[in-house]
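*Asks:* Below is a structure I'd like to ask you about.
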Amino acid sequence: MEQKRTVFCLVDHKNYDLIDGVFLEDLDGSIKALIRRDFPKAANQDFICSEHLVHYRLQKMDQMIAKDYRQNRRINQKLTRVMEKDAYEVVDVQKQLENSLTFGQRVADAVAQFGGSWPFIISFVSLMILWILINTFHWFGINFDAFPFILLNLFLSMVAAVQAPFIMMSQNRAAKYDRMESRNDYHVNLKSEEEIRVLHSKIDHLIQQDQPNILQIQKIQTEMLGSIESQVNELRRLQNYFEENQADKQQASNQKND
Ligand SMILES: [Zn+2]
């Protein structure tokens, strides 16, 4: 049988075939660092058996998973903080405003609305024309406000004086409505912005951390598969070797018997 080179594992100092493990120089830097943490004197030419290597590979995977976990938790905490920080409650401005309307405000609204409409203008102008006609041509035998219609002037001034405050009240309330709505919008925007920022960091984490970690784990698995494959090949080679030996022996004994 051919001479086999054996090496000793740096962990338990037992002898192994070359095929039963790897040299440190063939290992990934991070796994090498893990081994060096336990065996500071380990050099690149040192050998580690598959059994102990699996232990370190699992340790490495555990480390990556734990790191991922921590990062995920940190992001989730950030999200929770953002949600808690903004205690502002989004309100239905229209509903809130309608509920708080007083009787006077309702009347102001109705008057302002009627004052700013075509029916008001048409009826008002008609009334003035009728007034002037009656007092000019003495229709129905009435003549209570002769030219230049001083009483009509008085009434018009009074209507204008009363109408202005009505319109201003209504406008004030419209302004208040706008203010409330813009305050609402501002808070909603702020909240959305914060949430988008957290989402961003989540996606960044997914792309920059999770994916490389998964690839790394896949690499470790592929390495392990490779070493299993070479061990199987070695076993198959040994099996062939023994079978050939057996056949040779059989032949030799057969020849002797002849
Ligand atoms: Zn070992």
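*Asks:* Quick one: ILE134 ticks every box in (1) without any contact (Cβ under 8 Å) to a residue 12 or more places away in the chain; (2) open to solvent by 60 Å² or more (accessible area, probe 1.4 Å); (3) more than 30 Å from ARG179 (Cα to Cα) bar one, so which box is it?
*Replies:* With respect to (1) without any contact (Cβ under 8 Å) to a residue 12 or more places away in the chain; (2) open to solvent by 60 Å² or more (accessible area, probe 1.4 Å); (3) more than 30 Å from ARG179 (Cα to Cα), ILE134 is out only on (2).
*Asks:* Among the listed residues VAL107, VAL82, identify the single one that is in contact with an Asp or Glu (Cβ under 6 Å, 6 or more places away or on another chain) and assigned to a helix (DSSP H, G or I).
*Replies:* Matching residue, one of VAL107, VAL82: VAL82.
*Asks:* Filtering segment 1-10 down to residues that are within 14 Å of the ligand (Cβ to nearest atom) and hydrophobic (A, V, I, L, M, F, W, C), which residue is most open to solvent (accessible area, probe 1.4 Å)?
*Replies:* Ranking the qualifying residues of segment 1-10, first place goes to PHE8.
*Asks:* Here is a list: PHE39, PHE47. Which entry is within 15 Å of the ligand (Cβ to nearest atom) and open to solvent by 50 Å² or more (accessible area, probe 1.4 Å)?
*Replies:* PHE39
*Asks:* Exactly one condition in (1) open to solvent by 100 Å² or more (accessible area, probe 1.4 Å); (2) modelled with pLDDT of 90 or more is not met by TYR56; state its number.
*Replies:* For TYR56, the failing item is (1).
Per-residue answers, yes or no, for (1) among the aromatic types (Phe, Trp, Tyr); (2) within 47 Å of the chain's Cα centre (by Cα); (3) in a helix (DSSP H, G or I):
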| residue | (1), (2), (3) |
| --- | --- |
| THR222 | no, yes, yes |
| LEU225 | no, yes, yes |
| ILE228 | no, yes, yes |
| TYR241 | yes, no, yes |
| ASN245 | no, no, yes |
| GLN250 | no, no, yes |
| LYS256 | no, no, yes |
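*Asks:* In segment 7-25, how many are touching an Asp or Glu at 6+ places or on another chain (Cβ under 6 Å) and either at pLDDT 85 or above or hydroxyl-bearing (Ser, Thr, Tyr) (or both)?
*Replies:* Qualifying residue count, segment 7-25: 2.
*Asks:* A further question follows. Look at GLN77 and say whether it is in a helix (DSSP H, G or I) and either exposed (fewer than 15 other Cβ atoms within 10 Å of the Cβ) or within 16 Å of the ligand (Cβ to nearest atom) (or both).
*Replies:* So GLN77 fits the description; yes.
*Asks:* Scan PRO148, PRO119 and give me the residue that is exposed (fewer than 10 other Cβ atoms within 10 Å of the Cβ) and part of a helix (DSSP H, G or I).
*Replies:* The conditions single out PRO119.
*Asks:* When you check VAL82 against the structure, is it of a type outside the set (S, T, N, Q), surrounded by 11 or more Cβ atoms within 10 Å (Cβ to Cβ) and more than 21 Å from the chain's Cα centre (by Cα), yes or no?
*Replies:* no
*Asks:* Let me spell it out: the conditions are (1) more than 15 Å from the ligand (Cβ to nearest atom); (2) assigned to a helix (DSSP H, G or I), and GLU89 meets all of them except one. Which number is the exception?
*Replies:* Checking GLU89 against (1) more than 15 Å from the ligand (Cβ to nearest atom); (2) assigned to a helix (DSSP H, G or I), the one that fails is (2).
*Asks:* Still on this model: Return the total of residues in segment 50-62 being in contact (Cβ under 8 Å) with a residue 24 or more places away in the chain and either assigned to a loop (DSSP other than H, G, I, E, B) or away from the ligand (no atom under 16 Å from the Cβ) (or both).
*Replies:* Going through segment 50-62 one residue at a time, the tally reaches 2.
*Asks:* Condition first: assigned to a helix (DSSP H, G or I), of a type outside the set (D, E, K, R), more than 15 Å from the ligand (Cβ to nearest atom) and within 23 Å of ASN213 (Cβ to Cβ). Can you find one or more residues in segment 11-31 that meet it?
*Replies:* Yes.
*Asks:* Ok, one more. When you scan segment 178-192, do you find a residue that is surrounded by 11 or more Cβ atoms within 10 Å (Cβ to Cβ), under 30 Å from GLN59 (Cβ atoms) and under 56 Å from the mean Cα position of the chain (by Cα), even just one?
*Replies:* There is no residue in segment 178-192 that is surrounded by 11 or more Cβ atoms within 10 Å (Cβ to Cβ), under 30 Å from GLN59 (Cβ atoms) and under 56 Å from the mean Cα position of the chain (by Cα).
The values are calculated or read from the model by the stated rules, or taken from the named source; none is laboratory data. All values reported here derive from a predicted model rather than from experimental measurement. We place every Cβ from the backbone using ideal geometry, glycine too, and count neighbours over all the protein chains shown. Ligands, DNA and RNA are stripped out before the accessible areas are found, and what is left, the full protein with its side chains, is counted by its heavy atoms. Shrake-Rupley method; radii C 1.70, N 1.55, O 1.52, S 1.80 Å.
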